[in-house]
Amino acid sequence: MSAPVSPRQSAWGHLMPEVRSLFPGAYADSPFPALCAEAFTAMAAVMPAGDLPRVPGWQGPAGYGEVLARYARLPEGPASDVAALVRDISTDLLAGTTLWRCPELQYNIGAAVNVAAAAAYALALDANVFLISDGQAGNAVLAEHAVAAILAGLAGIPRDQAHGVFTFGGTGTIMYAIKAGIRKAAPESVQSGLPLDVHVMVTRDAHFSHRAAADWLGIGASRVITVPAVARDRRTDVRAAGQILRERLDKGARIAAMLINGGTTYDHVVDDIAAFAGLRDQLVAEYRLSYRPHLHVDSVIGWGWLTLDDGALSGPGLGVPEETVASLREQHRRISQVRLADSWGVDFHKGIGGCPVDCSMVMFSDKADLGLLRKGAADEGSLHQLAAEFSSLSPVDYTLETARAGGKAIAALTALHSMGRAGFQAVLARLVDATRVLRGELAGMPGVTVLNGHSLGFATMVALAPPGMPAGAVQAMLTVPGKDAATAARRCNEYLKAFFAWDNGTRMNVNGGGAVYSYSSGYLPVPSGPVLGALKFYPTSPLITRQHMREAAALLSRRKAEFDASLPG
Ligand SMILES: Cc1ncc(COP(=O)(O)O)c(C=O)c1O
């Protein structure tokens with residue numbers, strides 16, 4: 001006897017009405033906008049007075065089991081009420097997520113999303129644009145070209161000389177750079193794999209993704225050369241770089257790539273790009289290298305300053321005090337040298353970029369370098385042929401990914417066009433100005449030390465002194481070696497971690513009001529040995545005001561006093 005047939009399976013080709021409705025055949029009657037409206041209404045209902053730093057309802061690990069019990073089983077049949085499902089998923093599974101547009105959120109380098117970019121991205125998601133070739137993506141391929149042309153223009157590189165491709169994140173931009181360097185220094189690697197003499201240079205303050213990317217590409221830690229920073233301003237020491245690289249070259253190393261900073265994660269430090277380009281060329285001449293080490297600037301944050309120009313920096317147009325303009329001018333001068341690098345990264349999902357994650361572009365100042373990454377070189381071009389046969393523009397021929405979301409190119413282009421140059425300038429000036437206000441407010445507070453006063457960026461790193469520690473002790477820790485300084489630094493770290501855990505648990509994670517900042521346990525190595533942790537106040541919302549910063553400073557002082565009073569005497 002055959003098994004009973006469920007009504008849902010009764011006839012081949014019979015689509016249940018609930019399933020049929022999930023795939024509208026015409027934009028004209030698509031329920032997509034209405035479902036988005038349902039989700040937005042549900043979000044507004046949990047935050048009726050306006051957006052909070054986090055979507056309410058997050059219970060943390062204690063509640064994870066319950067949420068998983070609700071969602072981790074595949075239902076037998078289709079949902080009878082899709083609108084309710086979208087509402088529930090929105091509030092259940094976005095609970096606890098940080099909302100970057102909320103000015104109280106000063107959490108990290110995410111981006112407050114520009115709604116025009118989000119709308120354009122959503123449409124591309126619904127159409128499901130595969131950014132593989134124009135044969136699949138049609139004109140969406142041109143969005144990538146247009147963004148690359150705009151970025152080349154901002155950097156002062158002839159538009160027909162540079163080109164860029166979107167990739168999966170800042171980490172992806174670094175992988176591209178290292179891979180291009182490998183192809184330059186060891187062209188035989190395409191046949192025989194990575195030789196053991198291939199090295200990569202990174203900087204002490206680089207984002208950890210630089211080392212991770214080297215690892216993923218087969219360059220072991222012993223072949224990653226780290227160059228120190230100058231303590232005063234944390235810019236990478238070019239002289240030390242020259243010395244260290246020469247030592248390795250003398251031993252027969254090949255230097256595939258030199259990765260430098262175009263805006264570090266916390267201090268937004270931009271290295272002396274021109275000096276590193278000079279060093280690269282000097283090493284080529286001195287050692288008669290058959291290749292040129294690939295110089296990459298990690299400007300995934302620092303690119304934002306490229307939107308400034310002489311007009312904005314010379315008049316009162318930005319509407320911020322002269323000291324802020326001076327800081328913007330200097331950072332702009334530094335990052336403008338990015339045109340001297342072989343490649344550089346841009347993240348639209350960070351800082352002022354205004355796009356949903358992930359939305360990164362790696363720019364090659366000379367598009368011939370991108371050509372080095374063409375797939376199939378080891379197979380005489382036969383590795384991938386489909387795109388070329390059916391398309392005239394075929395980025396998949398040299399992208400790391402095969403399928404890529406077209407939405408990121410569309411979103412970035414929409415962000416650029418909806419903001420215009422002046423829009424980005426205004427947001428950047430506002431963030432830097434608000435940060436200067438915060439640093440000014442914190443400067444005189446007892447027990448509070450701003451660790452990155454040298455930074456031209458918009459994140460503020462703060463250390464707190466435990467009760468009883470003499471005034472000035474934290475400042476001294478930054479320069480003084482020795483055992484006592486090391487003990488004091490460890491004490492500070494323990495205290496700071498405990499303070500953060502307390503403020504997080506009792507206020508920030510539960511939308512208790514006021515600024516929501518975050519914490520890094522590994523911010524700054526001090527001469528006595530330990531690495532200092534820091535609280536980070538990292539605004540990215542265009543809605544930030546000076547008043548938010550004054551309130552954030554006052555709140556920190558109040559919370560510290562409260563915490564100190566709660567400690568055993
Ligand atoms: C300077 C810098 N480079 C690279 C990255 C990695 O970017 P992603 O997280 O988008 O891969 C980050 C992340 O914060 C960063 O700050």
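A short reminder: the numbers here are calculations on the coordinates, not readings from a lab. These figures come from a predicted structure and were not determined experimentally. Because the Cβ atoms are built from the backbone with ideal geometry, glycine has one as well, and the counts that use them run over all protein chains shown.
Return the calculated 222 nm mean residue ellipticity for the chain, to the nearest 500 deg cm²/dmol, obtained by summing -39500 (n - 2.57) across DSSP H runs with n ≥ 4 and dividing by the residue count.
Numbers: 20 runs with 246 residues, N = 569.
Dividing the helical sum by the residues of the chain leaves -13500 deg cm²/dmol.
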TODO: Output the direction-averaged projected area (hull surface divided by four) of the convex hull of the alpha-carbon atoms of segment 252-311, in nm².
DONE: 5.4
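For the chain, which longest stretch is free of loop sites, where a loop site is one of the GluC sites (Glu not before Pro) that DSSP puts outside H, G, I, E and B and that has at most 12 other Cβ atoms within 10 Å? If you can, show how the numbers build up before the last one.
Numbers: sites that count: Glu76, Glu188, Glu380.
Longest run free of exposed loop sites: 189-379.
If R0 is 30 Å, what FRET efficiency do you get for Ser557 and Thr97 from their C-beta distance, rounded to 0.05?
On the way: r = 29 Å, r/R0 = 0.96.
Efficiency for this residue pair is about 0.55.
Counting only chymotrypsin sites (Phe, Trp or Tyr not before Pro) that are in a DSSP loop and have at most 12 other C-beta atoms within 10 Å, tell me the longest site-free stretch of the chain. Don't jump to the answer; show the numbers that get you there.
Numbers: sites that count: Trp12, Phe208.
The segment 209-569 is the longest one with no such site.
Take Ser192, Ser521 and order them by how many other Cβ atoms sit within 10 Å, fewest up front.
Ser192, Ser521
Once you have the alpha carbon radius of gyration of segment 432-566, what is it after dividing by 2.2 N^0.38 Å, with N set to its residue count? Let's see the in-between values first.
Values: Rg = 14.4 Å, N = 135, 2.2 N^0.38 = 14.2 Å.
In units of the 2.2 N^0.38 Å rule of thumb, it is 1.01.
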- [ ] Any lysines with Cα under 16 Å of the Lys184 Cα? List them, leaving off those in the same chain fewer than 8 positions away.
- [x] Lys367, Lys375
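Return the ratio Rg/(2.2 N^0.38 Å) for segment 172-263, where Rg is computed over Cα atoms only. If you can, show how the numbers build up before the last one.
Details: Rg = 13.0 Å, N = 92, 2.2 N^0.38 = 12.3 Å.
Output field value: 1.06.
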TODO: Provide, as a two-decimal number, the C-alpha radius of gyration of segment 141-216 over 2.2 N^0.38 Å, N being how many residues it has.
DONE: 1.31
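What FRET efficiency do you get for Asp366 and Asp564 if R0 is 45 Å and r is their Cβ-Cβ distance, rounded to the nearest 0.05?
On the way: r = 57 Å, r/R0 = 1.27.
That gives a FRET efficiency of 0.20.
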Task: Antiparallel DSSP beta bridges within the chain, as percent of all bridges there, nearest 5 - done: 55
- [ ] Taking just the C-alpha trace of segment 118-426, give me its Rg and Dmax in Å.
- [x] 19.4, 59
TODO: Among the trypsin sites (Lys or Arg not before Pro) in segment 195-283, which ones are in a DSSP loop with at most 16 other Cβ atoms within 10 Å of the Cβ? Mind listing them?
DONE: Arg204, Arg232, Lys251
- [ ] When you have a sec, figure out the Kirkwood radius of segment 27-97 from all distinct Cα pair distances and drop it here in Å to one decimal?
- [x] 13.6
TODO: Could you pull the Rg and Dmax for segment 212-301, using just the Cα atoms, both in Å?
DONE: 13.2, 38
TODO: Quick one: compute a quarter of the convex hull surface over the Cα atoms of segment 63-152 and quote it in nm².
DONE: 9.9
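Using 1/(1 + (r/R0)^6) with R0 = 25 angstrom and r between the beta carbons of Ser418 and Asp126, what's the FRET efficiency to the nearest 0.05?
Values: r = 20 Å, r/R0 = 0.78.
Rounded to the nearest 0.05, the efficiency is 0.80.
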- [ ] Give the order of Cys102, Cys492 when sorted by the count of other beta carbons within 10 angstrom, beginning with the fewest.
- [x] Cys102, Cys492
Task: Label point 7 Å beyond Cα of Val230 along Cβ direction - residues of segment 249-268 with amide nitrogen under 20 Å - done: 259-268
TODO: Report the full-extension gain for the segment Ile244 to Leu68: residue separation times 0.36 nm, less the Cα-Cα distance, to one decimal in nm.
DONE: 58.2 nm
Task: Rel. contact order, % - alpha carbon contacts under 8 angstrom, at least six apart, the chain - done: 19
- [ ] Give the share of C-alpha pairs in each 10 angstrom bin for the chain, from 0 to the last occupied bin, in whole percents, shortest bins first.
- [x] 3, 15, 23, 25, 19, 10, 3, 1, 0
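Over all distinct alpha-carbon pairs, what is the Kirkwood Rh of segment 148-192 in angstrom? Don't skip to the answer; put the middle values down first.
On the way: mean 1/r = 0.0820 Å⁻¹.
Kirkwood radius, segment 148-192: 12.2 Å.
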TODO: Could you give me the radius of gyration and the Dmax of segment 114-270, taking only the C-alpha atoms into account and expressing both in angstrom?
DONE: 18.7, 55
TODO: For the chain, just give the cysteines left without a disulfide-compatible partner, judged by no other Cys Cβ under 4.7 Å.
DONE: Cys36, Cys102, Cys492
